[in-house]
Amino acid sequence: PGYFIVLWAIAGVYSVLGHLHLINTNDSSYFALRLLVKLPALAMDLVDAALIYAIVRRYAREAIALGAAALFAFNPATIYTSAYWGQVDSVSWGFVLLALWLALRSADQPEKLTARLTWAWLAMAFSILIKPQGALVAVVLVAFAFAPLDAELRLRRIRATAIGIGA
């Protein structure tokens, strides 16, 4: 049901473009509508590549991070799935990648730990509302809360995770 929000926005854009006579809404092949429906997945492919770069860059040189992002962005399966089929997997998994990136960044600035983990859980929830497969990665976010050896940090992460799940 989460993707219905995206489709609702696309329907609004389609309607406005039709009323402004910028597209032909009487086209029996629905060419403009098909393009608009595929646009979120195509845009999210670019966002996913950027998130892959950001996550890999935390642990590897820039060249490796660029290579990882390029492997995703220029992968024929990625292009075919979004551009040809119009599948929304890249939208769902983009929110999973965002959740992971936020979780990894939560330790960067201790004062932002709760906010970042809360947003990570909200991103994970929206991903699951789009496609339930993201729930598998939610287990990683739960484990992330219990991972630190430092008891104080672990307690802060557990609290932040509880707030995020509640949100």
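The values are calculated or read from the model by the stated rules, or taken from the named source; none is laboratory data. Computed from a prediction, not measured in an experiment: that's the story for all the values here. Positions of Cβ are generated from backbone atoms using ideal geometry, with glycine treated the same way; all protein chains shown enter the neighbour counts. Side chains included, ligands, DNA and RNA excluded: accessible areas come from the protein's heavy atoms. Shrake-Rupley method; radii C 1.70, N 1.55, O 1.52, S 1.80 Å.
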Segment 138-162, residues that are surrounded by fewer than 19 Cβ atoms within 10 Å (Cβ to Cβ) and within 30 Å of LEU7 (Cβ to Cβ): ALA138, VAL139, VAL140
Could you say whether any residue in segment 33-45 is out of contact with any Phe, Trp or Tyr (no Cβ under 7 Å at 6 or more places or on another chain) and over 29 Å from ASN75 (Cα atoms)? no
Of the residues ALA151, ALA120, ALA115, ALA145, which is more than 20 Å from VAL96 (Cβ to Cβ) and of a type in the set (Gly, Ala, Ser)? ALA151
Can you find even one residue in segment 70-81 that is in contact with a helix residue (DSSP H, G or I) (Cβ under 6 Å, 6 or more places away or on another chain) and loosely packed, with under 15 Cβ neighbours inside 10 Å? no
Filter segment 1-53 down to the residues that are small (Gly, Ala, Ser), open to solvent by 40 Å² or more (accessible area, probe 1.4 Å) and at pLDDT below 90, then identify the one that is farthest from the chain's Cα centre (by Cα). SER28
I'm told TRP101 meets every condition in (1) more than 11 Å from the chain's Cα centre (by Cα); (2) closer than 28 Å to ARG157 by Cα; (3) in a helix (DSSP H, G or I) except one. Can you identify the failing condition by its number? (1)
Could you give me the residue pairs with C-beta distances under 9 Å whose first residue belongs to segment 16-37 and is free of Cβ contacts under 8 Å to residues at least 24 places away in the same chain and within 22 Å of ASP89 (Cα to Cα), whose second residue is among the charged types (D, E, K, R) and open to solvent by less than 100 Å² (accessible area, probe 1.4 Å) wherever it lies, and which are 6+ apart or on separate chains? LEU33/ASP27
